[in-house]
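The numbers here are math on the coordinates, done by the rules we state, and not lab data. Note that the structure is a prediction, hence the values are computed from the model and not measured. So basically every Cβ, Gly included, is an ideal-geometry build from the backbone, and we count neighbours across all protein chains shown.
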Amino acid sequence: MRESEARRTVEAVWRMESGRVVAGLAGLVRDVGLAEELAQDALVAALEQWPRDGVPDNPGAWLMTVGKRRAVDLLRRRQTQQRTLAELGRDLDEQHIPDFDAALEDRIEDDLLRLIFVACHPVLSPIARAALTLRLVGGLTTGEIARAFLTTEPTVGQRITRAKQTLAAANVPFEVPGPAERAERLDSVLEVVYLIFNEGYSATAGDDWMRPGLVEDALRLARLLQGLMPGEPEVHGLAALLEIQASRIRARTGPDGEPILLNDQDRGRWDQWLIRRGLAALDRARTDHPGPYAVQAEIAACHARARTPEETDWARIATLYAELARLVPSPVVELNRAVAVAQADGPAAGLDLARKLAAEPALAGYHLLPSVLGDLLAKLGRHDEARAEFERAAALTGNARERALLLSRAAQGGPKKS
């Protein structure tokens, strides 16, 4: 195998397997930072050996075995934790396990779930959780995470280092929390995956409206959680929401990368396979008391089922947003409800609701409030007022593509579907 081809293979395997390898090692050494270092050692070994010897039949198990050997060597050098060393040595002896790969698989699935809960621990800030999750579970490099969130590599490196230090200082155990804590901790896990998806779906800054790589990472994490926590309805609710939203990716930009808003999209370009996956997940999420992700997935499903914008059930969407506002009171949710009410009952009704949000401190720098106001004013023929709102929205957004769209709408001064 050529070296360049082997390197690409190693990188692809690492992206798929690194989370499981780090999780398995963390389950043994009980230290997330040390587990990542050991996994990186295994990666270096793969880069050295696979071009020469070929890719092993089970690359994930190969990486885990090398990582475990590094763990044993490290503990021997430090001459500490002798009891742990003996246990690791016995565990490493593959000849004592009739089916080593199968045993490893069973162990890692539990450890991977623990790793996700540790990386998304509430003691960390949301952005630190996202960075650590992408690093440990998603297998992204520090540079990739920096590019994804439009910051510098040293900043991301420091953020990840501090996150590990915070976990160590807080003495966070490497375990899935018990029933009393799980709801709170699960919310944190789902919040991080949703944050990663949203940054990919609608980038907060930069020259591109979307970052599909982050969307893919979030989808992969959501699907992983479905497999690890099949009895949690909100896990399926989040997966449903992300699958259906992601189905529109190809239709959301034009030939030059310019944004295309929902009602202007070619629905024939929506990915029907992702929609089917999303609707199937939504079926698994339905309960008598749905959570906020399941409710948002129901809203996304209303759009997915409509063959044309005119067929969209906006009255149901407005009702669902009212339910979402009850579950998670938020001015952003109320703004979305105003848009739905405008579609269902006319722009004047939506404008009345949106105007009431102008005094909300949380929306003071939120560019979508003047964007919605501009759209509704334009539909009512109040073009001068609409122009001013679009210009205000353009000044507030940090995304170059979105700014160009808003300035274009300000220049046109006329109504445009949102």
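Worth a mention:
- FRET efficiency, D256 to R162 (Cβ-Cβ, R0 51 Å, nearest 0.05): 0.80
- Where only alpha carbons of region 278-418 are counted, the Rg and the Dmax (Å): 15.9, 48
- Folded to 0 to 90 degrees: helix 292-305 orientation relative to the chain principal axis, Cα: 60 degrees
- Principal-axis tilt of helix 400-412 within the chain, Cα atoms, nearest 10 degrees: 10 degrees
- Derived scalar couplings ³J(HN,Hα) [region 352-363; Karplus, 6.51 cos²θ - 1.76 cosθ + 1.60; whole Hz; x for Gly, Pro]: 4, 5, 5, 4, 5, 8, 4, 8, 5, x, 5, 9
- Selection from I127, V172, S188, by position along the positive dipole direction of the chain (Cβ): I127
- Rounded tilt (10° steps) of 32-53 against the dominant C-alpha axis of the chain: 80 degrees
- The fewest-to-most ranking of I260, I116 by surrounding Cβ atoms within 10 Å reads I260, I116.
- Note: relative contact order over the chain, using C-alpha pairs below 8 Å and six or more positions apart, is 11 percent.
- Separation between Cα centres of region 227-259 and region 30-52, rounded to whole Å: 32 Å
- Point-to-point label distance, V328-A169, nm (Cα→Cβ direction, 7 Å offset): 2.9 nm
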